[in-house]
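A short write-up of the structure that comes next.
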Amino acid sequence: MPATATATDPGNSRTRSWWGWGYTDAHPGDAECVEMGALLPGTLTRPLPIPRVADLAIDSPAVTPPPSLAHLVTADPEARAAHTMGKAYRDVIRALRGRPGRIPDLVARPTEDQEVADLLDWAGEHQVAVVPFGGGSSVVGGVEYRGDAHRAVLSLDLTAMDRVLEIDTVSRSALIQAGALGPVLEEQLRPHGLTLRHFPQSFEFSTLGGWLATRAGGHYATVHTHIDDFVQSLRVVTPAGTGLSWRLPGSGAGPSPDRLFLGSEGALGVITRAWMRLQERPRYKASASVAFTDFQRALDAVRAIAQSDLAPANCRLLDPGEALLSGASHDGSSVLVLGFESATAPVDDRLAIALDMARAHGGTGEAPKAERDAPADAAVSAWRSAFLRMPYLRDGLARMGAVVETFETAATWDRIPALIDAVRTEVGAAALKTTGHAATINCRLTHVYPDGSAPYFTVAVAGRPGDEVAVWDDIKAAATDVLHRHRATITHHHAVGRDHRPGYDLQRPAPFALALRATKNALDPHGILNPGVLID
Ligand SMILES: Cc1cc2nc3c(=O)[nH]c(=O)nc-3n(C[C@H](O)[C@H](O)[C@H](O)COP(=O)(O)OP(=O)(O)OC[C@H]3O[C@@H](n4cnc5c(N)ncnc54)[C@H](O)[C@@H]3O)c2cc1C
């Protein structure tokens with residue numbers, strides 16, 4: 001039976017930062033920034049001031065919408081500033097240094113599909129570049145226009161389209177508007193005992209449409225974690241018309257129309273709504289952590305667990321640096337965070353078997369605790385809270401002039417040990433060369449598969465004050481080169497955007513690039529949609 005739900009924003013009384021991560025009231029204060037900076041010798045002695053929109057040079061909009069669309073569009077400086085860039089380190093430091101990217105001329109907030117189509121029609125007639133914008137949490141330059149300086153730019157913010165329109169409890173799926181932020185969407189599903197169960201680290205500040213357009217990866221380590229797996233059907237508004245795929249549990253009818261738009265990053269069309277497969281909320285949970293003195297043996301343990309049929313919800317391996325940083329270990333050991341959950345049956349047995357497998361590879365861990373009865377163990381809790389706090393701390397370190405950023409990849413198991421070693425050595429050497437300081441490079445495995453895994457690296461180093469962007473670009477170029485030589489993907493879940501174009505262009509087969517170009521020409525004949533992303 002169809003059910004409708006009303007959108008709510010649980011966090012709407014708090015102020016979102018226009019330049020940094022999340023809510024302004026959660027940002028570290030000056031004293032905490034100084035304390036963090038002291039951990040990286042060579043950083044500034046005082047934090048850079050919080051940037052103010054009033055200090056930005058914001059030109060008058062180069063374009064005016066027609067009266068019929070004027071009510072959807074704003075030229076408010078705060079709104080324009082907040083839609084200028086994503087939330088990568090590169091974005092944050094440019095805002096802090098008063099050098100943000102190209103500020104869009106206008107921000108539009110459509111409330112229904114027809115308004116999206118009307119905005120695209122108008123933009124096509126006037127050659128206005130349109131950048132679809134969900135939560136704006138892109139870390140790859142996905143929402144930042146970097147094309148011709150004379151072209152007008154419209155940021156198309158989808159967040160006013162944030163409702164769960166219909167729930168089919170029989171087929172356990174829901175029709176959801178693309179602009180719903182994670183908490184807004186889950187709040188509407190909760191009364192039905194259902195969940196999308198897609199929890200990227202950016203969950204609070206990213207949208208369903210953004211997840212679909214970037215093929216986001218959720219928090220879970222195995223099985224259902226990529227947003228792709230939950231898609232039943234998509235509605236996409238393109239300059240060439242609107243398409244709606246059929247709701248099907250599976251179909252072998254030629255190439256999948258949904259697959260064309262998953263990962264299309266706003267370059268082929270605007271995803272306005274999707275039927276998504278839902279899950280029951282888990283009732284049984286159990287978690288534990290295992291310490292290893294030997295990282296290679298820890299990798300072997302994770303591989304064994306990933307190649308079993310245990311399917312842990314969480315199977316994150318933290319190297320010693322990552323474990324120290326998150327408070328999961330203080331003695332130089334690597335830590336494997338294991339978690340199981342189910343809506344159907346207790347999971348303690350599965351956790352016990354996984355722990356036995358870890359111990360067989362030299363791991364030491366405490367007896368498992370079922371989370372229904374007892375809190376998760378200390379290392380698991382420490383890791384979880386550090387995980388959510390991390391982006392705020394990154395911005396605090398950026399205010400100290402430090403260079404702190406992450407990058408992620410995936411490769412088959414046979415390549416993983418050499419890949420991780422090469423990143424540590426070669427990216428470390430590049431960081432030393434460009435800054436004169438030794439970098440901290442930590443690694444964790446975020447997602448594991450029977451045939452490989454996704455290592456996620458964090459780099460922290462004192463920058464060259466005032467030159468932090470160039471420093472990061474040097475380091476990132478070295479990282480791209482290492483990944484390419486080791487046949488590791490340029491991104492496992494952070495998308496391509498503009499920053500990953502060099503790696504993506506190398507990775508994709510030439511005939512596929514031809515097909516993508518032809519598709520872009522067919523669907524977006526005026527080239528207005530997110531120019532520079534995926535294909536020129
Ligand atoms: C601290 C932090 C943690 C993160 N953690 C994760 C993580 O765990 N997993 C993960 O996968 N990613 C993660 N990311 C990256 C980012 O959150 C994801 O790429 C996310 O899917 C982007 O969603 P969004 O709504 O913010 O999209 P935006 O950043 O607004 O847009 C991203 C891209 O999608 C396009 N787009 C947005 N909405 C639409 C639409 N409706 N139709 C068509 N195109 C659209 C945009 O044009 C852009 O190219 C993280 C980022 C940060 C800053």
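At-a-glance table
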quantity: Theoretical ellipticity at 222 nm over the chain - DSSP helices of four or more residues, -39500 (n - 2.57) apiece, nearest 500; calculated: -9000 deg cm²/dmol
quantity: Non-local Lys pairs in the chain, i.e. 8 or more apart or on different chains, that have alpha carbons under 27 Å apart; calculated: 5
quantity: Counted charge near GLN177, where neighbours are those whose Cβ lies closer than 10 Å (Asp, Glu -1; Lys, Arg +1); calculated: 0
quantity: Residues TRP21, TRP122 arranged by fewest to most Cβ contacts within 10 Å; calculated: TRP122, TRP21
quantity: Qualifying trypsin sites (Lys or Arg not before Pro) for region 199-260 [loop in DSSP, other Cβ within 10 Å: at most 14]; calculated: ARG247
quantity: Region 54-157, relative contact order in percent, only Cα pairs under 8 angstrom and at least six apart counted; calculated: 35
quantity: For MET357, MET85, MET390, order by how many other beta-carbon atoms lie within 10 Å, fewest first; calculated: MET390, MET357, MET85
quantity: Shape call, the chain: gyration tensor on alpha carbons, a/c limit 1.5; calculated: oblate
quantity: Cα gyration tensor category, rounded, prolate or oblate, for region 164-280 with a/c compared to 1.5; calculated: rounded
quantity: Whole-number percent relative contact order across the chain, with pairs defined as alpha carbons under 8 Å at least 6 apart; calculated: 17
quantity: Gap separating the Cα centres of region 16-54 and region 112-176, nearest whole Å; calculated: 31
quantity: For peptides 324-337, 511-524, sequence by mean Cβ density within 10 Å, most packed first; calculated: 324-337, 511-524
quantity: Computed over region 284-371: relative contact order in percent, which uses C-alpha pairs under 8 Å that are six or more apart; calculated: 49
quantity: Cα gyration tensor shape of region 284-371, rounded if a/c is under 1.5, else prolate or oblate by comparing a/b with b/c; calculated: prolate
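Quick note: the coordinates plus some simple rules give every number you see, no bench work behind them. Keep in mind that this is a model prediction, so the values were computed, not measured. Glycine also receives a Cβ, built like all others from the backbone with ideal geometry; neighbour counts cover every protein chain displayed.
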